[in-house]
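Written out below as structure tokens is the structure these notes cover.
The values are calculated or read from the model by the stated rules, or taken from the named source; none is laboratory data. As the structure is a prediction and not an experimental result, all values here were calculated from the model. All Cβ positions, even for glycine, are placed from backbone atoms using ideal geometry, and neighbour counts span all protein chains on display. The protein model used for the area step is the full one, side chains on, heavy atoms only, and it has no ligands, DNA or RNA in it. Shrake-Rupley method; radii C 1.70, N 1.55, O 1.52, S 1.80 Å.
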Amino acid sequence: MIESSDPPVVAIDGPGGSGKGSVSGRLARKLGFHLLDSGALYRLTALAARQAGVDLGNVAAVADLAAGLDARFEAGAENEPARVLLAGRDVDDAVRSESCGNDASVVAAYPEVRRALIGCQRAFRRPPGLVADGRDMGTLVFPDARVKIFLTATPEERARRRHKQLIAKGINGNLAALVREIETRDERDRNRAVAPLKPADDAVVVDTSGHDIDSVFKRVVDIVTSSGLLDPRR
Ligand code: DC
């Protein structure tokens, strides 16, 4: 792994529903590090396009929106993810919807969009350090990350988790449809020409199937501790 004098990065990659959002938020709090939810930037790009009436197939126009994205994250309540703001407006609910996730997966396949968002993602790397959550944090955005973790779980398990999250929000999701959507999105994310979803060669792969969030978090904390980023007594 390349050594870097820049603030340390913990890269947490994996498919949707693998638990990386919750784990990354908890880890950032424990380390006192900044947090980058890179998926939210792709979701915001897709939302900005929808709001502006831009066709998602219009690559140049979507990339322009990505380049000029006015994105902000506002700390949420204790144990809640940060809320997402677009041009100062709280769009968190719209951005977290399944349809916005699917739109995000479409625009994320465009190299022009990925290029437009890379500087914005790297700007989150500030002292004392960063926990970066995404698909290509360890492979492309922060190849010199101190720790690289790739979380996985079966599509069925990930669909069950999404289903639970939707129900908690009062949204009634169909489990079988969620499994299909997750498989379609995985397929697109894994097979795209640029930044396909895959673990970095030096990532630790953690299968979260059958494990609750506390046990996954404990495993992640052990990995981060053995990297020297966390005092074992904390
Ligand atoms: O993690 P998420 O569900 O919020 O991500 C939404 C979509 O954005 C996902 O289908 C793939 C894309 N994405 C990406 O291509 N690269 C990232 N670093 C993060 C997300």
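Data overview
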| read-out | value |
| --- | --- |
| Odd one out for PHE33 among (1) crowded, with 21+ Cβ neighbours inside 10 Å; (2) out of contact with any Pro (no Cβ under 7 Å at 6 or more places or on another chain) | (2) |
| Single residue of region 159-185 satisfying the filter (more than 22 Å from ASP212 (Cβ to Cβ) and assigned to a helix (DSSP H, G or I)) that is nearest to the ligand (Cβ to nearest atom) | ARG185 |
| Selected residue (criterion: farthest from the ligand (Cβ to nearest atom)) from residues of region 83-105 that are farther than 12 Å from GLY39 by Cα and of a type in the set (A, V, I, L, M, F, W, C) | ALA87 |
| Single residue of ALA67, ALA77 found to be touching a residue at least 24 places away in the same chain (Cβ under 8 Å), open to solvent by 40 Å² or more (accessible area, probe 1.4 Å) and out of contact with any strand residue (DSSP E or B) (no Cβ under 8 Å at 6 or more places or on another chain) | ALA67 |
| Sole exception among (1) surrounded by fewer than 17 Cβ atoms within 10 Å (Cβ to Cβ); (2) modelled with pLDDT of 95 or more; (3) within 13 Å of the ligand (Cβ to nearest atom) for LYS218, by number | (3) |
| Filter result for LEU130 (within 14 Å of the ligand (Cβ to nearest atom), in contact with a His (Cβ under 6 Å, 6 or more places away or on another chain) and open to solvent by less than 50 Å² (accessible area, probe 1.4 Å)) | yes |
| Flag if LEU229 is surrounded by 12 or more Cβ atoms within 10 Å (Cβ to Cβ), more than 16 Å from the ligand (Cβ to nearest atom) and in contact (Cβ under 8 Å) with a residue 60 or more places away in the chain | yes |
| The lone exception for LEU140 - which of (1) away from the ligand (no atom under 12 Å from the Cβ); (2) under 30 Å from VAL205 (Cβ atoms) it fails | (1) |
